[in-house]
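Inspection log for the structure reproduced underneath, given as structure tokens.
The values are calculated or read from the model by the stated rules, or taken from the named source; none is laboratory data. Just so it is clear, the model here is predicted, and its values are computed rather than measured. Cβ atoms come from the backbone with ideal geometry, glycine included; neighbour counts cover every protein chain shown. In case anyone asks, the SASA skips ligands and DNA or RNA and just uses the protein heavy atoms, side chains included. Shrake-Rupley method; radii C 1.70, N 1.55, O 1.52, S 1.80 Å.
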Amino acid sequence: MQPAAADRHAALHAGFRWQVPAVFNIAEHCCTRWARNTPGATAIIIEQDDGSSLTYPFAELQAEADRLSNALRHLGVTSGDRIAVVMPQRFETAVAHMAIYQLGAIAMPLSMLFGPDALEYRLKDSEARVAIVDENAIANLRTARRTCSTLLAVIAVGSAFGQGDVDWRVALGREKPQFFAERTSADDAAVLIYTSGTTGPAKGALIPHRALIGNLPGFVCSQNWFPAHDAVFWSPADWAWTGGLMDALLPSLYFGRPIVGYAGRFDPQRAFALMQRHRVTHTFLFPTALKAMMKAVPAPRAHYALELRAIMSAGEAVGDAVFAYCRDALGVTVNEMFGQTEMNYIVGNCGEYVDTHGVYQAAWPSRPGSMGRPYPGHRIAVLDDEGNECPRGVAGDVALHRRDIHGQPDPIFFLGYWRNDAATQAKFTGDPDDSWCRTGDMAVMDESGYLWYQGRSDDMFKAAGYRIGPSEVENCLVKHPAVANAAVVPKPDAERGALVKAYVVLAPGFEGDDALVASLQEHVRGKLAPYEYPKEIEFVPALPMTTTGKVQRRILRLQEEARAAGLKAPVV
């Protein structure tokens with residue numbers, strides 16, 4: 001590998017042009033064309049609990065998708081109908097997505113971890129027509145269904161046999177493996193994903209088919225110029241959320257490369273063994289997973305034969321401790337990425353790519369702790385409260401413009417929030433065709449155009465007059481050998497407004513006591529500003545997390561507010 005001397009970021013932006021056809025369907029480009037041209041090529045590899053695996057070629061993925069499309073049509077599903085998919089990483093999940101897209105309907109992926117209330121809200125709000133569910137969620141789905149009058153049928157998959165209105169195997173067995181796909185516009189809706197907002201009920205973000213095209217530059221760059229001819233992708237990210245669907249499953253299939261699926265709980269040793277067994281070359285590992293791997297297996301290459309070439313990470317700030325672990329222990333420079341459900345894969349890093357002469361070149365050098373720079377095709381700025389661009393070095397709201405630097409429309413944008421025009425309008429600043437879309441994430445842009453994450457705008461807080469970004473303190477705490485994970489929130493204080501408080505999950509072999517509290521406080525005090533060290537530390541067995549792997553600081557913040565008011569704290 002030849003190290004690159006040049007920074008290619010500006011050149012890549014200057015030479016990039018969007019090519020979005022008027023007619024575009026995700027299923028055609030992620031499955032049908034490969035089933036037609038390379039039918040025997042592997043599409044999906046499913047890792048089973050015993051370490052064995054099942055391999056499915058594109059021809060089988062297409063045939064099963066055709067059968068399901070026919071079955072859905074016979075159930076009365078038409079273009080634009082919402083179909084809930086409540087399943088983990090399994091072959092039938094990929095089949096369901098392809099079938100729904102080529103039918104012209106809208107896939108609504110839902111986490112198998114959702115309880116009845118969460119399922120009920122989303123099914124009713126979306127007016128879903130059909131739900132496809134396996135044994136992991138069938139009980140909760142049946143409970144939620146009682147008040148969902150628009151739900152025509154429940155298709156039971158796997159061990160949920162007999163617990164729905166229709167059984168997957170029986171229904172598909174009656175259908176032919178041929179289906180004439182609908183001709184969808186690139187602007188037609190393909191996916192409805194409910195965001196885990198920090199306040200209020202979850203909002204459904206309506207994603208068009210063209211958004212996959214908008215994701216591709218970031219995917220290619222963050223995976224160090226994906227794909228190579230032997231690329232194999234795996235990520236523990238649930239295919240029910242944007243990170244698993246748009247950052248893993250769909251782009252891997254778009255490029256005709258296999259993706260490994262595993263439905264079990266994440267375990268660091270299992271992750272390493274899986275990557276070794278399937279010769280995984282590219283992955284998306286969220287910071288929580290990388291932290292667990294770093295603590296559990298400090299020297300992975302001494303125990304596992306890995307072929308990793310690229311690691312993308314997103315969801316939270318990676319921090320320089322994890323950055324160093326990936327570089328030194330795994331031999332791969334992690335590429336941080338930033339995006340949202342509404343406009344995913346817009347900022348990040350690209351370690352290297354192969355030019356037209358087959359020579360490795362650095363696209364732009366990664367800087368430890370940075371979110372990276374805008375990916376080609378995306379115009380990014382940091383805005384103040386009035387919608388003006390902040391000077392370099394001043395924190396503001398990360399925003400994406402409707403048009404790229406060449407004035408072309410950016411295809412990555414969502415269509416809007418499901419039946420919530422007010423929320424959609426509030427997301428944008430400026431004229432509809434010449435506007436910025438705010439992310440609600442705070443960052444600083446330096447003179448070179450790198451973004452440095454400061455935290456969610458509603459996670460930032462002031463303590464004794466100083467503005468505190470929790471991610472910096474959390475990153476510092478995780479560097480201590482006793483800390484597996486940490487979350488920092490304000491604790492109300494009459495004199496100083498708030499104190500810095502840390503919730504800490506201990507690494508195996510450590511006990512939380514006064515001596516460790518003092519050690520952690522001194523650890524932070526010696527590395528950050530004096531006002532940033534946690535005045536109080538509480539040891540907890542686990543942090544409240546979203547299904548997408550993000551720490552729910554809001555829950556901890558509400559707990560502190562309740563305690564300060566002498567009220568019963570919400571359940572963590």
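Points worth noting:
- Lysine pair count for the chain [Cα-Cα under 16 Å; pairs on different chains or 8 or more apart]: 14
- Amide H contacts under 5 Å for Ala507, placed H, 5+ residues apart: Val483, Ala484
- HN-Hα J in Hz across the range 398-413 - Karplus 6.51, -1.76, 1.60, θ = phi - 60°, x for Gly and Pro: 5, 9, 10, 7, 4, 10, 7, 5, 9, x, 7, x, 7, x, 6, 5
- Protein accessible area in the chain, 1.4 Å probe - carbon and sulfur %: 50
- Glu536 long-range amide H proximity, modeled H, under 5 Å: Ala502
- The range 107-167 - charge dipole about Cα centre, Lys and Arg +1 at Cβ, Asp and Glu -1, debye rounded to 20: 140
- Rounded to the nearest Hz, the phi-derived 3J(HN,Hα) couplings of the range 177-183 under the Karplus curve 6.51 cos²θ - 1.76 cosθ + 1.60 (θ = phi - 60°) are x, 9, 8, 8, 5, 5, 8, where x marks glycine and proline.
- Over the range 163-248, Cα pairs under 8 Å with separation of 6+ residues give a relative contact order of 18 percent.
- Shape analysis of the range 134-277 based on the Cα gyration tensor places the equivalent ellipsoid semi-axes at 29, 21, 20 Å, largest first.
- The heavy atoms of Ser53 offer some 50 square angstrom of accessible surface to a 1.4 angstrom probe.
- For the range 118-217, the equivalent ellipsoid derived from the alpha-carbon gyration tensor has semi-axes of 26, 23, 12 Å in decreasing order.
- With Rh defined as the Kirkwood radius, the inverse of the mean 1/r over Cα pairs, the Rg/Rh of the range 206-293 is 0.96.
- The range 323-338 and the range 23-72 have Cα centres lying 31 Å from one another.
- Ranked order, Lys291, Lys501 - accessible area, probe 1.4 Å, largest first: Lys291, Lys501
- Share of Cα-Cα pairs in the range 1-84 lying beyond 22 Å, as whole percent: 57
- Which of Ile311, Ile380 is most accessible, then next, and so on - probe 1.4 Å: Ile380, Ile311
- 3J(HN,Hα) from dihedral phi, the range 16-32, Karplus parametrisation 6.51/-1.76/1.60, rounded to Hz, x for glycine, proline: 8, 9, 6, 10, 10, x, 5, 9, 8, 9, 4, 5, 4, 8, 9, 9, 4
- Computed from the Cα positions only, the extents of the chain along the three principal axes stand at 69, 61, 56 Å, in decreasing order.
- Separation of the range 372-436 from the range 150-226 is 26 Å, based on Cα centroids.
- Long-range HN-HN contacts of Ala205 with modeled amide H, under 5 Å: Ile193, Tyr194, Thr195, Trp418
- For the range 263-356, the average shadow cast by the Cα convex hull is 7.2 nm², which is a quarter of the hull's surface.
- D (Stokes-Einstein, µm²/s), Kirkwood Cα radius, the range 375-489, 1.002 mPa s at 20 °C: 134
- Exposed GluC sites (Glu not before Pro) absent - longest run of the chain, DSSP non-H/G/I/E/B, at most 10 other C-beta within 10 Å: 1-385
- The Rg/Rh ratio for the range 293-340, using Cα coordinates for both the radius of gyration and the Kirkwood hydrodynamic radius, is 0.98.
- For the chain, the mean residue ellipticity at 222 nm estimated from helices alone is -7500 deg cm²/dmol, where every DSSP H run of n ≥ 4 contributes -39500 (n - 2.57) and the total is divided by all residues, rounded to the nearest 500.
- Accessible area per residue (1.4 Å probe, heavy atoms of protein chains only) ranks His229, His97 as His229, His97, with the largest value leading.
- Within the assembled protein chains, the solvent-accessible surface assigned to Leu249 is about 0 Å², based on a 1.4 Å probe.
- Solvent-accessible area per residue for the chain (1.4 angstrom probe, square angstrom): 40
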